[in-house]
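The values are calculated or read from the model by the stated rules, or taken from the named source; none is laboratory data. These numbers come from a predicted model, not from an experiment. Don't worry about glycine lacking a Cβ; one is built from the backbone with ideal geometry, like all the others, and counts go over all protein chains shown. Note: areas computed on protein heavy atoms with side chains; ligands, DNA, RNA excluded. Shrake-Rupley method; radii C 1.70, N 1.55, O 1.52, S 1.80 Å.
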Amino acid sequence: MWHYSLFCRPPRSLPKYELRFLQCTYCRRSRIMICGLDTLNASVSSELCQEKDKPLDLCYTAEQRAVILQRLNTATESELEQVKLLRGRKAVNIVKHRTTHGPFHSLESVMNVPLLKHKSAVIVFNSILNPADKKERKKGKVHLAKFIRPEVDRALLEDASSIVSIVCGTNKIAWTHMDRARTVLDWQQAECKSFMKGTYMASDYLEDISAVISSFPPADFFLVEKPGISPQNTSLYPVLVHLRTVEAMLFALLTPAREPGSAPKVLNMMRTAVGRHFNLIVGDCRTSGAETVKKMMTESVIKQDPRVLFPHDLVLKHRNSFQMSSRNRGEELCDALLQAIAFFELLRE
């Protein structure tokens, strides 16, 4: 009588496996013959690279190294951004490094690129070798809860010809009017004298906010930044109350009368989601995006196909709005622009 267990199959059900050798991770010289299971084969390089002092070139075969280096040496900045962890400054640094020092000749030489350390380099290399398959998006409502609330039918968002992105500060409100081709149609900010002055008088706030809203252009959607301040941070509680008050008034004043079941016109976008999109999160905090905005403004003038298109008059108007010597002078302007860009770019992913 035959007895079969977990490691024993009936003779007629045995699949045809390709025999391979598995390198021993302890001595690196012994080789163990295994069946060609994809799960084992895919995890070998990751296991070999867990130790930081282990040379990266020894973690991959010659064929794998050739594929990785070919991608890093020839891909454009936009193509590099499709690789896991390479969005933003890392892709820029790779292109800048190979332009200055020539192509990469080894995986270890990639470690000379700023912001790429051993652990992140392994993730990048494995992402190049095993690109994640893009899942087919479902029709109808898309789950945008990570950065857009309330939930809106994806088709309506993609059909939007323009949006107004709004960011509130402690004494300013800034907005960016942008179309889906990422052309900046208008970009302004206004000071609100009643903000953070003594008690939160609703009548004073209403007057200032109404004056700002009266200058907004027509748009398909109004995008209001959702601040990332935690209610548990008691020292910032007055700022949180202020921001929530302005947010509520913006929603009330901008929301038109609509029929039940129709799509909302005013949306929230999470501040942290915008920060992650532009690699501006350090720890739990979001850093300034002024340098990112200044770079986009420069590229709009010198590049044929820039990421964002700024009209010449807006470049002249705001070219000095993000100087470090002028503290917080243009942070709201900067954030309103980045929020609008992130909205359109995240919809395309």
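Things to note:
- Among the listed pairs LYS197/LYS265; LYS193/LYS294; LYS172/LYS193; LYS172/LYS317; LYS90/LYS317; LYS90/LYS117, those beyond 19 Å (Cα-Cα): LYS197/LYS265; LYS193/LYS294; LYS90/LYS317
- Rounded FRET efficiency, nearest 0.05, which uses the C-beta distance separating THR183 from ILE302 and R0 of 22 Å: 0.85
- Of the listed residues ARG89, ARG154, ARG348, ARG286, the order by accessible area with a 1.4 Å probe, largest first, is ARG348, ARG89, ARG286, ARG154.
- Karplus-based coupling profile of segment 268-275, in residue order and whole Hz: 9, 10, 5, 4, 5, 5, 5, x, with θ = phi - 60° in 6.51 cos²θ - 1.76 cosθ + 1.60 and x standing for Gly or Pro.
- Compared with the direct C-alpha span, the chain from ASP153 to HIS312 gains 53.8 nm at full extension, assuming 0.36 nm per residue.
- The gain in end-to-end length when the GLN82 to PHE216 segment is fully stretched comes to 44.7 nm, 0.36 nm per residue minus the alpha carbon separation.
- Accessible surface of TYR237 - all protein chains present, 1.4 Å probe, nearest 10 Å²: 130
- Cβ-derived FRET efficiency at R0 35 Å, LYS295 paired with MET111, nearest 0.05: 0.90
- Calculated FRET value between ASP204 and GLU349, using beta carbons and R₀ = 30 Å, to 0.05: 0.15
- Accessible area ranking (1.4 Å probe, heavy atoms, ligands and nucleic acids excluded), largest first, for CYS168, CYS59: CYS168, CYS59.
- Residue ranking by accessible heavy-atom surface, 1.4 Å probe, largest first, among THR234, THR292 comes out as THR234, THR292.
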